[in-house]
Amino acid sequence: MPNIKSYSVRSIFVFLCLWAASASPSSAETILIMNAGLEGEQLSNNDLLRVYAMKKRTWSNGEPVVVYTLPNKSRQHRDFVYNYLRMQSHHLSRLWHKLVFSGTGSKPEVVNSAAEMLEKVANTPGAIGYLDGTEVNMASQSVIAVDAHD
Amino acid sequence: MTRSLVTRCGFTAVSALLASIAVGEGRVNGYVSQAAVHTHDNAFFEADTGTSFNFRELGINGSWQFSPQVRIAAQAVSRRLGDLDDGDPKLDFALLDYHFYSAESSNVGVRVGRTKNAYGIYNQTRDVPHARPGVLVPQAIYFESIRDALLSVDGVNFYADAYRGAGEFAFEVYGGKRKVEGSVVENLMFQADTSGDFGTADVLGGRIGFVPAAVPELELAVSAIDVKMELEDVASFSPLEVGQAFLDIVANPSTAGKYATSATIEPFVQLLSAQYSPQGWVLTAEYLRVDIDLTNVEILGQPQPDNTTKLESYYLQAEWQLNDHLSLLSRYEYLTFDKTDRKGEVYQATTGRNAFTQYTSGITLGGRWYFTPDMSLTAEYGVFEGAASLVGANSVNYDQLDEDWEVFILQFSFHF
């Protein structure tokens, strides 16, 4: 079980995303999470796409957007990209290559496990990520699970 | 002057990046590719047909985010493309990015240094293997003979984007100077290596992109670039040499370009782009028009009439990602250097040169196998009519190029 952080758990809301519920069974456990400081942030499907395309750089509260991703080899990443962003992970990789290799931007930071994702998102202001909710104990960290909507 | 300053700034940036990477704050990315090219009609940017392995790419870059507003990034690239590019390492970009305004739905910033030009869909990443649809970017639009002038500038690049109810608008405007390598422009204009050089291009360009909110899978863009190049460092001909050159031109009019002593080329490049990427598919189309003004032309000091030609090209392309490992590609493309002379007949009649070098149309079929998301093998077969897209290298005998030709390419690539 992951360590409980020393600072207070500000809010814990866990909703399974409507998309995920209606998508393929393999992604049914994929949960989008945000740092607890982003509570109340409205996130539409297009916003989420712009976040992962590294186009949306600032949240409504003024904090910089910090994007985390699992390795592009992982099943979880491919499912997330396919079901939440509605594109192929190779196409998203190409968008990231365009930023990195043209000097115009950066790709998201890669984390290697659900536990690391949870810890990074919980401890980084403005952070967003996704994980398999069955792999970690969400209640132990100060993150909010997001219900992305149109 | 500008170049040496930029190069110096670039190497300073690279040193700073290496230092930042050493302390774990920076990021490093790169790619490597190696291709085998098989031809039997026209060689591919080389003198000889057959199988050639003279095609490889290596790129490495680093970036360092000082703060949410300030970032530096630099990239060095080595590209071996037959006889056209020798693989010498080059500073691809080296820039300081000051992203001075960022709100929830808009961004404004400026980049200074050597920056890649926002032009169409593929210009900024045309050398990055996995960012391309197949082994090559579509040659009808991204053909080699104008690559250098359009690739990047040593100057300034302003960018802004705004997300509104209708969708997302993105603007970029850039200007500066660009060094043009080799003799590609002379080969394009004269199919001869003149004594002088179109060594430097003055570049001013911009791009407007739009992604509608109702169809976020669709991207539309308009790009325009104005380029000006003058023939520099021309040799002076002695009266005896002038006499010999005159006899040479009378005997063989197609050699006239070799004796150009003055010329100004001003291409105005206009590109429309559309890309639609519903799940599993990427459909892309681009249409290019270039108005090329050729003025101040002198052959052996004798003024020649001004000339304007209108280049036109386009392609339609479909990519299909079947599963995590396999994607397929098909593309039709068309290019003519002069839309009033689509088959090069007037060109041949007036210059005595090969009409087939003035247009290309063809079909490309390909597939890519991803061993992992970062390692792949791409195979591509192209069948073409006309050889305009092969213009560029000095070693090619343009008068010998065939009208009908095929090329088969296998490329391995890896990213990190």
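A short reminder: the numbers here are calculations on the coordinates, not readings from a lab. In this text, all values refer to a predicted model and were calculated from it rather than measured experimentally. We place every Cβ from the backbone using ideal geometry, glycine too, and count neighbours over all the protein chains shown.
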### Message
I need to check one value: relative contact order of region B:150-240, counting alpha carbon pairs closer than 8 Å and at least 6 residues apart, in percent.
### Response
28 percent
### Task
Mind scanning A:Lys56/A:Lys120; B:Lys228/B:Lys258; B:Lys90/B:Lys228; B:Lys90/B:Lys258 and naming the pairs with a C-alpha gap bigger than 26 Å?
B:Lys90/B:Lys258
#### Entry: Estimated FRET transfer efficiency (B:Glu241, B:Arg342; beta-carbon r; R0 35 Å; 0.05)
0.40
### Query
If you average 1/r over all unlike Cα pairs in the protein assembly as shown and invert the result, what Kirkwood radius do you get in angstrom?
25.4 Å
### Task
Using +1 at the Cβ of each Lys and Arg and -1 at the Cβ of each Asp and Glu in the protein assembly as shown, identify which of A:Gly105, B:Val211, A:His77 lies farthest towards the dipole's positive end.
A:His77
### Query
If one computes the Cα centroid of region A:82-116 and of region B:252-306, what distance in Å separates the two points?
36 Å
### Query
Between the helical axis of B:2-22 and the dominant principal axis of chain B, each derived from Cα atoms, what acute angle in degrees is found, rounded to the nearest 10?
30 degrees
### Query
For chain B, what is the relative contact order in percent, using Cα pairs closer than 8 Å and at least 6 residues apart in sequence?
15 percent
### Query
So, in Å, what gap is there between the alpha-carbon centers of region B:76-128 and region A:39-73?
24 Å
### Label-zone membership for region B:29-53, site B:Tyr381, 7 angstrom Cα→C-beta point, backbone N under 16 Å
B:37-41
### Query
At B:Lys179 and B:Leu410, where each label point lies 7 Å from the Cα along Cα→Cβ, what is the point-to-point distance in nanometres?
3.7 nm
### Task
Quote to one decimal, in nm, the extra length available between B:Ser330 and B:Arg289 on full extension: 0.36 nm per residue of separation minus the C-alpha distance between them.
12.5 nm
### Query
Of B:Ala201, B:Val28, B:Tyr314, which is farthest on the positive side of the dipole of the protein assembly as shown, counting Cα position, with +1 on Lys and Arg Cβ, -1 on Asp and Glu Cβ, and the Cα centre as origin?
B:Val28
### Task
Work out the length of the dipole vector of the protein assembly as shown about its Cα centre, built from +1 on the beta-carbon of each Lys and Arg and -1 on the beta-carbon of each Asp and Glu, and round it to the nearest 20 debye.
1820 debye
### Calculated FRET efficiency for the pair B:Asp226/B:Asp248, C-beta based, R₀ 41 Å, to 0.05
0.70
### Summary
With +1 at each Lys and Arg Cβ and -1 at each Asp and Glu Cβ, the charge dipole magnitude of chain B around its Cα centre, to the nearest 20 debye, comes out at 1240 debye
### Query
Just from its helices, what would the mean residue ellipticity at 222 nm be for the protein assembly as shown, if runs of 4 or more DSSP H residues each count -39500 (n - 2.57) and the sum is divided by every residue, rounded to the nearest 500 deg cm²/dmol?
-5000 deg cm²/dmol
### Message
Using a 10 Å cut-off around each Cβ, can you sort B:Phe171, B:Phe190 from fewest to most neighbouring Cβ atoms?
### Response
B:Phe171, B:Phe190
### Summary
If one compares the long axis through the Cα atoms of helix B:239-251 with the longest principal axis of the Cα atoms of chain B, the angle in degrees, nearest 10, works out at 90 degrees
### Message
Quick check on the exposure proxy: order A:Glu63, B:Glu286, B:Glu345 from fewest to most C-beta atoms within 10 angstrom.
### Response
B:Glu345, A:Glu63, B:Glu286
### Query
With a Cα-only, solvent-free Debye model of chain B, what are the log10 I(q)/I(0) values at q = 0.06, 0.08, 0.10 Å⁻¹?
-0.26, -0.46, -0.73
### Summary
Note on region A:31-123: contact order normalised by length, alpha-carbon pairs under 8 Å, 6 or more apart, percent, works out to 33 percent
### Query
For B:Tyr359, B:Tyr347, what ranking results if the residue with the fewest other Cβ atoms within 10 Å of its Cβ goes first?
B:Tyr347, B:Tyr359
